[in-house]
Amino acid sequence: MQKTLDQKLANIHADPHGAKDFILADAKDADMAFGIGAPGKSPESHADEVRFKTLGEYREQIRQIVRQGLVDIMLMSASTNDVLTIVERLFDDSPITPAARANDASDVFVVRGGKYLEAPAQPFRTATLDHIQCGHVDCSAEDRFRGANLGLYSVTFNNRLDDDLRTLEAYRCFRIEAERKGFRHFLEIFNPNMPDGLSPEMIPDFVNDHIARTLAGVAMPGRPVFLKMVYQGPQAMEDLVAYDPHLVVGILGGSSGTTLDAFKLLYEAKKYGARAALFGRKINNSECQLAFVQFLRMLADGEIEPEEAVRAYHGVLQKLGIRPLRSLADDLQLQTAVMSYASGGQVVVPAGVPVGSSESSPQPGRTRVGKKEKKDCGCGCNGAPGGCGDGSKAVVYDPENPPNFAAMTQAEKLAYNKAKRDHIYGD
């Protein structure tokens with residue numbers, strides 16, 4: 001089956017400035033970082049206890065999201081890839097591409113009682129490419145591509161010469177092996193976890209320069225198909241995208257935060273040039289993962305605005321009888337989100353994005369007009385006739401006849417997607 005990842009990458013490279021394609025991935029590889037806590041807390045846990053979901057429940061959630069078919073990549077640990085991709089053949093008839101974490105450097109050793117995050121990241125690989133590709137050591141030519149043929153490789157630079165040289169040498173060895181075995185990879189660049197001589201303001205340029213410098217020595221067959229990195233703000237994103245339009249830049253999700261944190265992060269990163277987003281904990285810790293992924297997909301495809309997506313998501317939770325973790329008002333607030341497995345690196349909220357509200361500012365969902373406020377649906381129509389807040393313009397959802405989104409106004413897109421949600425979840 002044609003994989004959406006391959007088609008989107010082809011479209012982006014054919015027209016780097018005009019293609020609208022956006023790659024969305026669910027990162028379900030956290031068992032290589034957090035251990036037993038990776039699947040997240042169980043909804044059956046109580047205030048006095050912590051009960052984690054099981055590995056079996058974690059894998060069942062992967063199956064459900066794959067069957068939903070809205071993400072382009074499912075990232076897993078090598079062991080989960082073995083079960084779902086090689087044994088169960090979950091991805092054979094799916095447009096989703098399976099992928100596995102190909103290395104686990106020490107800055108993802110987030111185990112209870114561990115002190116590893118207090119030291120500069122060191123390169124390390126538990127998984128072997130053969131185990132990812134065919135499920136055993138030394139794949140034959142016949143079975144080499146039975147498993148995943150895409151992997152995540154992560155690097156962390158700390159401005160420490162010996163540590164950074166070890167990281168670069170390990171990545172070089174990985175690339176050579178991957179190219180020989182026909183294995184594709186995408187490159188994850190964490191922010192420094194123990195930086196030497198770097199102020200927070202210097203980190204975006206430091207990371208960008210390391211990306212450009214490292215890949216300058218890599219010919220096309222050995223280069224990553226795309227990047228996964230911290231969203232450092234508009235300028236850093238635009239600098240990297242402008243430097244090489246064929247360098248497909250993706251952002252990582254980081255810690256859970258509010259629903260608006262996740263939706264706004266994707267929206268802002270895409271606005272300034274990102275072409276991919278990989279969310280792990282933001283999806284895994286959501287109240288309803290399938291609904292959360294649906295709204296991420298709509299945001300990635302330009303069908304909805306972040307604030308409207310938060311409101312609609314809460315509407316879905318209410319219809320499904322799921323109690324939200326936060327009130328709608330709290331979930332519409334932006335927080336400072338941690339952007340790495342440890343505590344280093346933070347998302348940069350672009351200038352002009354409101355954080356909370358004050359007496360002198362319009363409340364969320366309202367636009368100030370003189371000394372008065374009027375309701376604003378968030379699409380920019382400001383309640384104008386024919387806008388999404390105007391009931392005079394009926395839009396019908398017909399799954400057999402999808403509309404031409406390119407020819408629709410933002411108000412029409414929002415109205416269409418409201419009709420779609422009502423069709424799926426009920427009025």
Check your understanding: Which of the residues that make up the range 213-248 are more than 12 Å from residue 188 (Cβ to Cβ), of a type outside the set (D, E, K, R) and touching a Leu at 6+ places or on another chain (Cβ under 8 Å)?
Key -> 214, 215, 225, 231, 240, 241, 247, 248
Review point. Can you tell me which of 159, 193 is buried (at least 20 other Cβ atoms within 10 Å of the Cβ) and out of contact with any Lys or Arg (no Cβ under 7 Å at 6 or more places or on another chain)?
Key: 193
Practice item. Collect the residues in the range 315-350 that are touching a Ser or Thr at 6+ places or on another chain (Cβ under 8 Å) and either of a type in the set (Gly, Ala, Ser) or at pLDDT 80 or above (or both), keeping them in residue-number order. Key: 326, 330, 331, 332, 333, 334, 335, 337
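Yes or no, residue by residue, for (1) over 23 Å from residue 125 (Cα atoms); (2) over 24 Å from the mean Cα position of the chain (by Cα); (3) not assigned by TED's automatic domain parsing to the domain that holds residue 245:
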{"residue": "180", "(1), (2), (3)": "no, yes, no"}
{"residue": "188", "(1), (2), (3)": "no, no, no"}
{"residue": "198", "(1), (2), (3)": "yes, yes, no"}
{"residue": "203", "(1), (2), (3)": "yes, no, no"}
{"residue": "207", "(1), (2), (3)": "no, no, no"}
**Study point:** Residue in the range 281-296 that is under 24 Å from residue 239 (Cβ atoms) and not in a helix (DSSP H, G or I) present
**Key:** no
Exercise for review: Output the number of residues of the range 66-91 satisfying the condition of being over 23 Å from residue 125 (Cα atoms), touching a residue at least 60 places away in the same chain (Cβ under 8 Å) and aliphatic (A, V, I, L, M).
Suggested key: 2
**Study point:** Hits in the range 133-167 - residues which are assigned to a loop (DSSP other than H, G, I, E, B) and either aromatic (Phe, Trp, Tyr) or touching a residue at least 60 places away in the same chain (Cβ under 8 Å) (or both)
**Key:** 145, 146, 147, 148, 157
Exercise for review: Select from the range 221-247 the residues that are closer than 19 Å to residue 200 by Cβ and part of a strand (DSSP E or B) and list them in ascending order.
Suggested key: 229
Revision key, fill the gap. Checked 195, 224, 234 against criteria (more than 30 Å from residue 41 (Cα to Cα) and at pLDDT below 95); the one match is 234
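The values are calculated or read from the model by the stated rules, or taken from the named source; none is laboratory data. None of these values were measured; they are calculated from a predicted model. Don't worry about glycine lacking a Cβ; one is built from the backbone with ideal geometry, like all the others, and counts go over all protein chains shown.
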